[in-house]
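The values are calculated or read from the model by the stated rules, or taken from the named source; none is laboratory data. Everything numeric in this text was worked out from a predicted model, so none of it was measured. As a convention, Cβ positions derive from the backbone with ideal geometry for all residues, glycine included, and neighbour counts pool all protein chains shown. Heavy atoms of the whole protein, side chains included, go into the accessibility calculation; ligands, DNA and RNA do not. Shrake-Rupley method; radii C 1.70, N 1.55, O 1.52, S 1.80 Å.
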Amino acid sequence: MAEHPLAFLTGRAVPADEAVLILAPMAGYSDRAFRVLCRRFGADAVVTEMISAKAICFGDRKTAALGRIGAEELPCALQLFGSDPDTLAHAAAVVSGGMGGGLAPVAIDINMGCPVRKIVSNGEGSALMRNPPLVRRIVEAVRRATPLPVTVKIRAGYDGDHINAPMVAQYAEEGGARAVTVHGRTRAQGYSGQADRSVIAAVCRAVSVPVIGNGDVVDGESAARMLDTGCAGLMIGRGAVGNPFVFTEIRAHLSGKEYDPPDLRARAATAEEQLRLAAEDKGEAIAVAEARKQLVAYFHSFRGASGWRREMQQAQNMAEMVELLHRACGTFASDISDAINP
């Protein structure tokens, strides 16, 4: 059996013609609890939230906790952001053996696509799209500093007048990147509009390393359309929030199997499990504060959910949140036939 070009991320033998499904790094969402759930529902690999290379070099304790990886979420890559090659290289060397007492990641991913203003204004994230030679120097420096594979995540370009993902991907490959993830939107678009799959197809033609397609992959049909670009893997971000089942759905669709979506009880139980896992990792207070935006996504598509969401936003502890999750089964039962993309 021919080895899949992304097998180094999955830690297992994968048929060359099988799509590799990866959870995207999403600040405020891709924490340990959610990564564990996505692995349980079929993600081949997951990626940590983006982590500041500077903070690692300064020995920040909160940052160490952010990058801690447990056995249930492996294989898990660790994503760094920054703009200075030496700082990123030092950070990569520090985290290669694991952070905060956790396990080692399977790869180091470099964020070159974050569109957030405070990141871009520091010359980091998608600002790097404007300097392809620096992209190469960064990848070279990180590759020399770690024994782990190095990957990058980029966007279509900085804005509509500068669609240069194929060129940036080539510079990353020259620096030694083992794979390139491409989000089909520009930095100027943020998360608005539609991802341009033609740019991802162009990157696939421009480089010899595997390309991972990202953007608007939310179900089986959209996954199949993304694979038509020629990409070797799929990265799912917002489509997985409140819906870790999407990995199971995509796998079923690509395999030609029927998919049985989760019912209300399964959704509530999964949301409760996410809350429990987060509390074990971060403590109840932090878990509850963060869960206010995470758990409501499990029922965002149901009509009449606004009042329930307001109550969830006001919940003060786990007991109140769990009670609301149990109540959701009755609240939305009459609307199950009206669910949009359940």
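For ARG39, the solvent-accessible surface with a 1.4 Å probe is about 70 Å², rounded to the nearest 10. Put simply, the convex hull of the Cα atoms in the range 1-89 casts, on average, a shadow of 6.6 nm².
Any idea what the dipole of the chain comes to, in debye rounded to 20, about its Cα centre with Lys/Arg Cβ at +1 and Asp/Glu Cβ at -1?
On the way: 37 positive and 38 negative charges, 150 e Å.
The dipole of the chain has a size of about 720 debye.
When the chain is described by a simple charge dipole with +1 on each Lys and Arg Cβ and -1 on each Asp and Glu Cβ, the residue from ALA19, CYS38, PRO105 located farthest towards its positive end is PRO105. With the gyration tensor restricted to C-alpha atoms of the range 137-221, the semi-axes of the equivalent ellipsoid amount to 23, 14, 11 Å, longest first. The modelled label-to-label distance between HIS162 and LYS257, using points 7 Å beyond Cα along the C-beta direction, is 4.5 nm. The HN-Hα couplings worked out from phi for the range 31-48 by the Karplus form 6.51 cos²θ - 1.76 cosθ + 1.60 (θ = phi - 60°) are 7, 4, 4, 6, 4, 4, 5, 5, 5, 5, 9, x, 5, 6, 7, 9, 10, 5 Hz, whole numbers, x standing for Gly and Pro.
May I ask you to derive the relative contact order of the chain, considering only C-alpha pairs under 8 Å and at least 6 residues apart, and to give it as an integer percent? Value for the chain: 13 percent. Considering every alpha-carbon pair of the chain, the percent of pairs per 10 Å bin, from zero through the bin containing the longest distance, is 6, 26, 34, 24, 9, 1.
Per-residue ellipticity at 222 nm for the chain, helices alone: DSSP H runs ≥ 4 residues times -39500 (n - 2.57), over residue total, nearest 500 deg cm²/dmol? Please list the in-between numbers first.
Working: 15 runs with 144 residues, N = 342.
After summing the helix terms and dividing by the residues of the chain, the value is -12000 deg cm²/dmol.
Kindly rank 146-156, 83-93, 285-295 from highest to lowest mean number of other beta carbons found within 10 Å of each residue. Let's see the in-between values first.
Details: 146-156: 24.6, 83-93: 20.7, 285-295: 17.7.
Per-residue mean Cβ counts within 10 Å order the peptides as 146-156, 83-93, 285-295.
Couplings for the range 60-71, taken from phi via the Karplus curve 6.51 cos²θ - 1.76 cosθ + 1.60 with θ = phi - 60°, read 5, 6, 4, 5, 4, 5, 4, x, 6, 10, x, 4 Hz in order; Gly and Pro are left as x.
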